[in-house]
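Report on one structure; see the data block that follows.
The values are calculated or read from the model by the stated rules, or taken from the named source; none is laboratory data. Because the structure is a prediction, the values reported are computed rather than measured. Positions of Cβ are generated from backbone atoms using ideal geometry, with glycine treated the same way; all protein chains shown enter the neighbour counts. Heavy atoms of the whole protein, side chains included, go into the accessibility calculation; ligands, DNA and RNA do not. Shrake-Rupley method; radii C 1.70, N 1.55, O 1.52, S 1.80 Å.
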Amino acid sequence: FTTPSGGNGQTSLLLSIANELTENGGDVVVCDFDLAYGDVAFFLGMKNLTPHLGNLLESPDYLSEEAIRDHIIDHSSGIGVLVPPRSPREGFGLDRSKVAEIILRLTTMVDYVLVDMPSGLREYDTSLLEEARYVVPVTDGRIGSIKNLRYFVRMLMEMGIDQDRILPFLVGHRE
């Protein structure tokens, strides 16, 4: 899940889908890839944010299934969550390519991996988007947001992401 601009319901939509998949028996892990300002834990009302991705990356075997599972926090809904550090300063310091490796490794471990991406698109996000089964750009009904979504989808296609894998989602307009 990604968005050309923030504050439009991306995290809420992602968590609703994660909850639905979990309720239907899926083994779901949500990874908050907004390493500095992620909201997944906040939206789920999670207080204990240890262990987090920063701790996992300190482990020499950070790609092992055991190490990854040890860092997934189980939410009461049944959703597993990989959270970024609490401090934006720590989040900015994480090696995003290693976090992307962890996310790709997760795809071999569970039924569904849903990734809450930061708004916009950065060079280090492209490997995740290229490997994703589906890319879900989320936007609201404001004219500027829709225009940005159009440019965003075009850019994804120019990156080589097949149009059939891009599932734009428009959330209700808020006044």
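Kindly establish whether Leu167 is over 21 Å from Ala36 (Cβ atoms), free of Cβ contacts under 8 Å to residues at least 60 places away in the same chain and open to solvent by 70 Å² or more (accessible area, probe 1.4 Å). Break it down into steps so the answer makes sense when it comes.
Details: over 21 Å from Ala36 (Cβ atoms): yes; free of Cβ contacts under 8 Å to residues at least 60 places away in the same chain: yes; open to solvent by 70 Å² or more (accessible area, probe 1.4 Å): yes.
Here the answer is yes, as Leu167 does meet what is asked.
Only one residue in Val28, Val110, Val115 is open to solvent by less than 10 Å² (accessible area, probe 1.4 Å) and touching a residue at least 12 places away in the same chain (Cβ under 8 Å). Which one? It would help to see each step written out before you state the result.
On the way: Val110 fails: open to solvent by less than 10 Å² (accessible area, probe 1.4 Å); Val115 fails: open to solvent by less than 10 Å² (accessible area, probe 1.4 Å).
On inspection, the qualifying residue turns out to be Val28.
Pick out the one residue from Arg96, Arg105, Arg69 that is at negative phi, modelled with pLDDT under 90 and basic (Lys, Arg). Walk me through it before giving the result.
Values: Arg105 fails: modelled with pLDDT under 90; Arg69 fails: modelled with pLDDT under 90.
From the options Arg96, Arg105, Arg69, the qualifying one is Arg96.
So, of the residues in region 134-145 that are modelled with pLDDT of 85 or more and over 13 Å from the mean Cα position of the chain (by Cα), which turns out to be nearest to Gly172 (Cα to Cα)?
Just the residues of region 134-145 that are modelled with pLDDT of 85 or more, to begin with: 134-140, 143-145.
Next cut, over 13 Å from the mean Cα position of the chain (by Cα) only: 139-140, 143-145.
Details: Thr139: 9, Asp140: 6, Ile143: 12, Gly144: 14, Ser145: 12 Å.
Among those residues, the one meeting the criterion is Asp140.
Just the residues that are under 13 Å from Ile103 (Cα atoms) and either touching a Lys or Arg at 6+ places or on another chain (Cβ under 8 Å) or charged (D, E, K, R) (or both), please, taken from region 36-77.
Across region 36-77, the qualifying residues are Leu57, Tyr62, Leu63, Glu65, Ile68, Arg69.
Where residues in region 1-25 are closer than 22 Å to Leu156 by Cα and of a type in the set (Val, Ile, Thr), which of them is most open to solvent (accessible area, probe 1.4 Å)?
Filtering region 1-25 down to residues closer than 22 Å to Leu156 by Cα leaves 1-11, 13-14.
From what's left, of a type in the set (Val, Ile, Thr): 2-3, 11.
Details: Thr2: 1, Thr3: 4, Thr11: 19 Å².
Step by step, filter region 1-25, then rank; the result is Thr11.
Considering only region 40-85, how many residues are open to solvent by 50 Å² or more (accessible area, probe 1.4 Å) and within 16 Å of the chain's Cα centre (by Cα)?
Looking only at that region, the number is 2.
Can you name the residue in region 118-143 that is in a helix (DSSP H, G or I) and in contact (Cβ under 8 Å) with a residue 40 or more places away in the chain and, of all such residues, is surrounded by the fewest Cβ atoms within 10 Å (Cβ to Cβ)?
The qualifying residue surrounded by the fewest Cβ atoms within 10 Å (Cβ to Cβ) is Asp125.
Can you tell me which residues in region 12-38 are within 12 Å of the chain's Cα centre (by Cα), outside any loop (DSSP other than H, G, I, E, B) and more than 17 Å from Ala132 (Cα to Cα)?
Scanning region 12-38 gives Ser12, Leu13, Leu15.
Exactly one condition in (1) buried (at least 20 other Cβ atoms within 10 Å of the Cβ); (2) more than 16 Å from Val115 (Cβ to Cβ); (3) not aliphatic (A, V, I, L, M) is false for Phe33; which is it?
(2)
Kindly provide the set of residues from region 94-107 that are open to solvent by 20 Å² or more (accessible area, probe 1.4 Å) and assigned to a helix (DSSP H, G or I), ordered by number. Give the derivation first.
As a first pass, look at region 94-107 and keep what is open to solvent by 20 Å² or more (accessible area, probe 1.4 Å): 94-98, 101, 104-105, 107.
Within region 94-107, Arg96, Ser97, Lys98, Glu101, Leu104, Arg105 qualify.
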